[in-house]
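Remarks on the structure that follows.
The values are calculated or read from the model by the stated rules, or taken from the named source; none is laboratory data. Quick caveat, the model's predicted, so the values are computed rather than measured. Heads up, the Cβs are rebuilt from the backbone with ideal geometry, glycines too, and the neighbour counts pull from every protein chain shown.
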Amino acid sequence: MRRALRLLALPALLFTVWYAASLGSENFYAPPLRTILAAFADTWTPERLRADVLPSLGRLTAGYALAAVLGVALGVAVGANRRLRAAAEPVLEFFRAVPPPVLVPVIMLFAGIGDGMKIIVIVSGCVWPVLLNTVEGVRAVDGVLSDTSRAYGVTGVARLRHLLLPAASPQIVAGLRQALSIAIILMVISEMVAASNGLGFTIVQFQRSFAIPEMWSGIILLGLLGFVLSELFRLAERFLLAWYHGLRDASRS
Amino acid sequence: MILRLSGLAGLLLLVEALPRLGLVADLPPTSRILTALADEAGTTAFWAAVGDTLTAWALGLVIAVAAGVTGGLVIGAVPALRAWTASTVEFLRPIPSVALIPLAVLLYGTSLGSTLLLVVYAAFWQVLVQVLYGVADVDPVADETARSFRFSPWARLRHVLWPTALPYVFTGIRLAAAVALVLAVTAELVIGAPGLGSVIAVAQSSGALPTMYALIVVTGLLGVAINIGARYAERRFLSWHQSVRAEMAL
Amino acid sequence: MLEVQDLRKVYRSDRREVEALRDLTFTVDAGELVCLVGPSGCGKTTLLRCIAGLLDPTGGAVRVDGREVAGPPPGMAVVFQEYGRSLFPWMTVRDNVELPLKQKKIPKARRATLVADSLAAVGLDGTQTAYPWQLSGGMQQRVAIARAVAYEPSILLMDEPFAAVDAQTRADLEDLVRELWQRLGVTILFVTHDIDEAVYLGQRVIMLSASPTVVQDQLTVDLPAARDQLHTRADPRFTAQRTRVYEQIQAAKGRTAAQPPAPLGS
């Protein structure tokens, strides 16, 4: 009960303050929250969700999943090979440092402005943190554990499955978390720059046509989307890395 | 070292060869990108753009770090405050900063303010969250020792909380510095605020491909420089920090 | 049977060479329990890694049943000192013990029996679904021993397995090793830096010199096969042999400090 109160008190307070303070707002850019909420209900109808939110989520999922698979696969290959790692690392560091949104104009040249372009944009931005973290995780596999595996004949595919991937998983998950926020950014950006549907596109349309309450409702929807996705990620992580958190807590106490 | 350079050299050769062999249409060879880069480096407009980007980056980062550290220490030092704000932080943090683009355009148009809004919003959470982790990491024994010696709250902040949180503050700054550059360039690219991003957009729309690639390389180099600089600063400050702690332990 | 012949290992880096093992020759007969003891930093772990096929020697050879070791040989199990880092933290106790058996392609039903039996043998019934980090240090090392036992090795290598557990747990684990050895008839090579432990456990003790390592001396332990912590350690023969090993180890240390060692066998 107290916990629930603590969780909800401040958000409720902030909401009330915003609601009350904006009630009589004459400011064109900051309409009353009441108006925004009404616009939210009117704007994000099931048809709208299907037409604009679903395509966005589809691109996001496809791009993110592809980046994850690609990043982990390449990361394991590079991480397990010392020479390859030394040669590839400066190049990878450079690609990671390039702000991903500048790839949008480049990828538009190669892939046009369709769904393929947006998915490639997301992949090309998300793959680096996953890749570099996987490299780091695979490189740092404990020496004793690695010896143990060899001594007991855990080699080849079994080594990958039972040693390298689980040992690197905390790092991989950290990379995937970074990649998730990059993926959302790139989804929105690529839709803002060139698209005929999608969340980013719709929100910019509202802004350009000065439909301010609708624009605010779009910002809120994007915020909710970011929140929900990060909560989902947290749940998945708690399940996947239960052993890791347990191990850490055990070694701390 | 030779191996490390060979990777880069391989990439440059590949980018030179692919277009020359006609395998990729929309990619100019390395040599032309480098020529374009040299041309750009001779213009004042280019340096003005770099200056604009770095100004937005630095200004935004400073504001975000100041706000994040202050906020983090205040929230972290008061357990009740931490408990009551946790859900709000968890809700606001994952909101993608690009969602604020339309708002920034309406409020500030294509001026520096637009870029700053996005940079500060994105970088602030990185710092705040790290500082909160840092404060949570305070050794309870150290804190109880300080209290048993009747340290004032200020002295506890100064001698217990701050030294523990410092490594986390640096991690936060390092993460924030990288994110700030991404958002600075993004804002310029999408909104058209002055800086490298908008120059890239112009190069793209006018079909000046080598220039566009050259500018993208510049943003990447800036990113690498920022990462290296942040890591260097972190190492210098933290080694100082640890040596001081080791001395105190003696 | 395990033969180590003229074994030599030199670590090379860009700048310098470090000779860890100079010239080692000894054998361990089938079913024997031999302890290797030496001053700290004497290359015991290097030697063990060479025997386990985890490290290629610079010269000489290790042979198991007449076959030269190149890579981890089948039928050999290793228990490492760092139990916390040798168990897979993402696997339950059962999965940890079972994984090597899966690699040996042992059928499922047989695996279940082996896992249950070996865990029972080390006194760990009812921990199958726990994670290693939920157990105490001594229990974790028991899991590692159970894993080795379930593997049904003909040779068991133990690298200072009890260096990191407390004294009482250590005594229990020493007795466990003796008991398992007598029951299973396995060959055990037990590396330790603890002289008491070496004399208490072994049928034979091989003393190593300081690095670069050679065999300093050997001793066949003259104690009854049935040993226990109380009476064996109070036995005058135990103290006498313990003293002898101690003197040899001290001599080994003194020798390196005083003069560079002459190559053995010259």
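Summary of computed values
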| quantity | calculated |
| --- | --- |
| All positions within the stretch A:147-174 that are within 12 Å of another protein chain (Cβ to nearest Cβ) and within 18 Å of A:Y244 (Cβ to Cβ) | A:R161, A:H162, A:L163, A:L164, A:L165, A:P166, A:A167, A:A168, A:S169, A:P170, A:A174 |
| Among the residues listed as A:R177, A:R208, A:R139, the single one being touching a residue at least 12 places away in the same chain (Cβ under 8 Å), within 11 Å of chain B (Cβ to nearest Cβ) and on the phi < 0 side of the Ramachandran plot | A:R177 |
| Residue within the stretch A:148-170 that is of a type in the set (V, I, T), under 28 Å from A:A62 (Cα atoms) and without any contact (Cβ under 8 Å) to a residue 12 or more places away in the chain present | yes |
| Filter pass, A:E89 being surrounded by 14 or more Cβ atoms within 10 Å (Cβ to Cβ) and charged (D, E, K, R) | yes |
| Hey, B:V65 among the β-branched types (V, I, T), touching a residue at least 12 places away in the same chain (Cβ under 8 Å), away from every other protein chain (no Cβ under 14 Å) and buried (at least 17 other Cβ atoms within 10 Å of the Cβ) or not | yes |
| Residue check, A:V188 under 18 Å from A:T61 (Cα atoms) and either of a type in the set (V, I, T) or at the interface with chain B (Cβ under 8 Å from one of its Cβ atoms) (or both) | yes |
| Lone qualifier among C:V177, C:V199, C:V191, C:V149 - being of a type in the set (V, I, T) and farther than 24 Å from C:A240 by Cβ | C:V149 |
| Which numbered condition A:R96 misses (of (1) within 14 Å of chain B (Cβ to nearest Cβ); (2) of a type outside the set (A, V, I, L, M, F, W, C); (3) surrounded by fewer than 20 Cβ atoms within 10 Å (Cβ to Cβ)) | (3) |
| Subset of the stretch B:196-226 that is within 8 Å of chain A (Cβ to nearest Cβ) and hydroxyl-bearing (S, T, Y) - its residue that is nearest to A:R96 (Cα to Cα) | B:T219 |
| Elements of type helices (runs of 4 or more DSSP H) in the stretch B:142-215, at least 3 residues being buried (at least 16 other Cβ atoms within 10 Å of the Cβ), without any contact (Cβ under 8 Å) to a residue 24 or more places away in the chain and within 22 Å of the chain's Cα centre (by Cα) | none |
| Residue tally, condition under 30 Å from A:R234 (Cα atoms) and within 11 Å of chain A (Cβ to nearest Cβ), over the stretch B:105-121 | 1 |
| Any chance B:G71 is at pLDDT 90 or above and surrounded by fewer than 19 Cβ atoms within 10 Å (Cβ to Cβ) | yes |
| Residue that is farthest from C:S154 (Cα to Cα), among those in the stretch C:78-92 that are of a type in the set (A, V, I, L, M) and more than 7 Å from chain A (Cβ to nearest Cβ) | C:M91 |
| Of all residues in the stretch C:122-156 being within 20 Å of the chain's Cα centre (by Cα) and part of a loop (DSSP other than H, G, I, E, B), the one that is nearest to the other protein chains (Cβ to nearest Cβ) | C:Y151 |
| Residues of the stretch C:101-121 satisfying the condition of being among the basic types (K, R) and not in a loop (DSSP other than H, G, I, E, B) | C:K102, C:K108, C:R110, C:R111 |
| Count - residues of the stretch B:78-98 that are at the interface with another protein chain (Cβ under 7 Å from one of its Cβ atoms), outside any helix (DSSP H, G or I) and aliphatic (A, V, I, L, M) | 1 |
| Hey, A:S196 within 23 Å of the chain's Cα centre (by Cα), surrounded by fewer than 17 Cβ atoms within 10 Å (Cβ to Cβ) and either at pLDDT below 90 or at the interface with chain B (Cβ under 9 Å from one of its Cβ atoms) (or both) or not | yes |
| Pick from the stretch A:202-212, criterion surrounded by fewer than 20 Cβ atoms within 10 Å (Cβ to Cβ) and part of a helix (DSSP H, G or I), ranking: nearest to the chain's Cα centre (by Cα) | A:Q205 |
| Flag for A:F227 being within 10 Å of another protein chain (Cβ to nearest Cβ), surrounded by fewer than 19 Cβ atoms within 10 Å (Cβ to Cβ), in a helix (DSSP H, G or I) and touching a residue at least 12 places away in the same chain (Cβ under 8 Å) | no |
| C:D56 vs. criteria within 16 Å of C:L189 (Cα to Cα) and charged (D, E, K, R) | no |
| In the stretch B:1-33, residue nearest to the other protein chains (Cβ to nearest Cβ) [restricted to those that are crowded, with 17+ Cβ neighbours inside 10 Å and touching a residue at least 40 places away in the same chain (Cβ under 8 Å)] | B:L27 |
| Sole exception among (1) farther than 18 Å from C:D228 by Cβ; (2) touching a Phe, Trp or Tyr at 6+ places or on another chain (Cβ under 9 Å); (3) free of Cβ contacts under 8 Å to residues at least 40 places away in the same chain for C:K104, by number | (3) |
| Filtered residues of the stretch C:65-77 (kept if within 13 Å of chain A (Cβ to nearest Cβ) and either touching a strand residue (DSSP E or B) at 6+ places or on another chain (Cβ under 6 Å) or not aliphatic (A, V, I, L, M) (or both)) | C:V69, C:G71, C:P72, C:P73, C:P74, C:G75, C:M76, C:A77 |
